[in-house]
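**Student:** What follows is a single structure, and I will ask about it in a moment.
The values are calculated or read from the model by the stated rules, or taken from the named source; none is laboratory data. Worth saying up front: this structure is predicted, and the values here are computed from it rather than measured. We place every Cβ from the backbone using ideal geometry, glycine too, and count neighbours over all the protein chains shown.
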Amino acid sequence: MHQFRKRGLLAFAAAALTLTMGVAAKAQEVGDPALDSLIREAMLYAYPYQEFMKMRHEALEVKGSTTATTLNHFRHSRKLATPQDRWANGPIRDTFYSTNWLDLEKSPVILSVPETHGRYYVIAMIGTDLNTFAYVGKRNGGTSARKIALVGPRWNGKLPQADQIVRAPTRDVYMNMRVLVTGEDDLKAAHAVQDGFSIKPVLQAAEDSPRIKPLAQDWGRFVDVANEALMRNPPPGTEQKLLERFAQVGICGQNCSWDKLPKSVQQRWLALAPDIEKNELKNRLNAARKTADPNRRNGWTPYRLPDGFGNNYAMRASSAAMSGGILGVEAAEATYFAASVDGSNQPLGTGNSYRLHLPQGRLPADAFWSISLYEFVTGGQYMVENPINRYSIGDRTKGMKFNADGSLDIWLQPNDPGTEKRTNWLPTPAQNRFYLMARAYQPWPEVLDPSWILEPVERVQP
């Protein structure tokens, strides 16, 4: 668990009060490189806060939204993803997702965790700055029933009785839970495990919701939403000097707002922000997906996510801009590898046949492993319709045949490979290109070593 970060509230408030109402005396000419640079820096810093509040608003305030729920209540996904699902690129079939939103300002809450009888689960606890500050799950707590108290950063009352105390760095918290599901015949049992998790506030208190509604492409609203988020969730004291600088362009929390900015600064925001979001965040991510990754080896690109963003605010903003990006877990919890090319660096698919060799007969992981296949189609990358309804292969795949030395060969092709290979067959699209995503949950230490990589996908004759 991350150590609770000191806030330095009094120091920041005193500094913020020294700022003039409108920074008009510091207003710079339109197109001033120093002003433009400061706006860009402030926007990248504030972007995750605004995205967090946008997600929170859609879940708690927009009735009928795809994420609609209420404070302190889990919203559970209940069905396994299929080729018809378009809710995310590359949807996972290994786990069910559940989400929960908390406000810890007026009361701690008790998270009740059920006995899962060895079933894997993990809850990532994410602060308003999009840093995951704690994990609760099989890896770092086992699967026995327990009670965990989550306490807000400004709570000074009596701590509740619990098996574990987690001090959150922000009052607004997002919880993302994953529960392992083994297949269609496991749905009832997996649902029962999901239903065993609950959140209960220690004290009853009136809800204090944010006042400003996020609105896409409204950059004045962007500034005000970010400031309200910073006011509700003051950053650590180590960022005080940073916010004193950003106050010149309207980002500092309680003492900043869009209306207080000089017209010249507002105009530069309106001119710069769309391009920053489009080209520095979203398009850069899209471009990176289409070009050869310098980290690619054997045709595979590893994804070992760091334990927090630290002071890399550009990386944090890029993660916020990527759909679902903020929900990733650290590498020790799950490590991923993606391949869209074979060992000869040729694109996978267009009816070709391949073999993937796993020397250890598996991916080295304690919780579970899988290799899923997604085809590139208009609008995204999704599972492939096939006659055996198999969209991934892994530790829960029944009947796989291993080689004499314990290794495993996975056959990737559009047509049935025959009786001897069928149990190890992962069907591919007949015409489209595809990519593979290998997932190792609770990976072994060797997988966390940057030198570790899967064997290349080998093109073979059908």
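**Student:** Go through (1) more than 25 Å from GLN50 (Cα to Cα); (2) of a type outside the set (Asp, Glu); (3) part of a strand (DSSP E or B) for ILE92 and report which single condition fails.
**Tutor:** (3)
**Student:** Next question, about the same structure. Filter the stretch 31-46 down to the residues that are surrounded by 13 or more Cβ atoms within 10 Å (Cβ to Cβ) and modelled with pLDDT of 95 or more and list them by number.
**Tutor:** Residues satisfying the conditions are LEU35, ASP36, LEU38, ILE39, ARG40, GLU41, ALA42, MET43, LEU44, TYR45, ALA46.
**Student:** I'd like the full set of residues that are of a type in the set (Val, Ile, Thr) and assigned to a strand (DSSP E or B), limited to the stretch 152-176.
**Tutor:** Of everything in the stretch 152-176, those that are of a type in the set (Val, Ile, Thr) and assigned to a strand (DSSP E or B) turn out to be ILE165, VAL166, VAL173.
**Student:** Also, I was wondering about something else. Just for the stretch 47-71: of the residues that are buried (at least 16 other Cβ atoms within 10 Å of the Cβ) and of a type in the set (S, T, N, Q), which one is farthest from VAL109 (Cα to Cα)?
**Tutor:** That would be GLN50.
**Student:** Got at least one residue in the stretch 425-446 being part of a loop (DSSP other than H, G, I, E, B), within 27 Å of ARG86 (Cα to Cα) and either acidic (Asp, Glu) or in contact with a helix residue (DSSP H, G or I) (Cβ under 8 Å, 6 or more places away or on another chain) (or both)?
**Tutor:** The answer is no, given that none of the residues of the stretch 425-446 is part of a loop (DSSP other than H, G, I, E, B), within 27 Å of ARG86 (Cα to Cα) and either acidic (Asp, Glu) or in contact with a helix residue (DSSP H, G or I) (Cβ under 8 Å, 6 or more places away or on another chain) (or both).
**Student:** All but one of (1) farther than 13 Å from LEU102 by Cβ; (2) out of contact with any Leu (no Cβ under 8 Å at 6 or more places or on another chain); (3) in contact (Cβ under 8 Å) with a residue 12 or more places away in the chain hold for LYS188; which doesn't?
**Tutor:** (3)
**Student:** When the stretch 360-415 is examined, which residues are found to be among the aliphatic types (A, V, I, L, M), surrounded by 15 or more Cβ atoms within 10 Å (Cβ to Cβ) and out of contact with any strand residue (DSSP E or B) (no Cβ under 7 Å at 6 or more places or on another chain)?
**Tutor:** The answer is VAL377, and nothing else.
**Student:** Does SER144 count as under 24 Å from THR70 (Cα atoms) and surrounded by fewer than 18 Cβ atoms within 10 Å (Cβ to Cβ)?
**Tutor:** no
**Student:** Looking at (1) under 25 Å from the mean Cα position of the chain (by Cα); (2) assigned to a strand (DSSP E or B); (3) at pLDDT 95 or above, which one does TRP452 not meet, given that it meets all the others?
**Tutor:** Failing condition for TRP452: (2).
**Student:** How do the pairs read when you match residues in the stretch 222-241 that are at pLDDT 95 or above with residues anywhere that are part of a helix (DSSP H, G or I) and not hydrophobic (A, V, I, L, M, F, W, C), using Cβ under 6 Å and keeping only pairs 6 or more apart or on different chains?
**Tutor:** Partner pairs satisfying both residue conditions: PHE222/GLN50; VAL225/GLN50; ALA226/TYR49; ALA226/GLN50; ALA229/TYR49.
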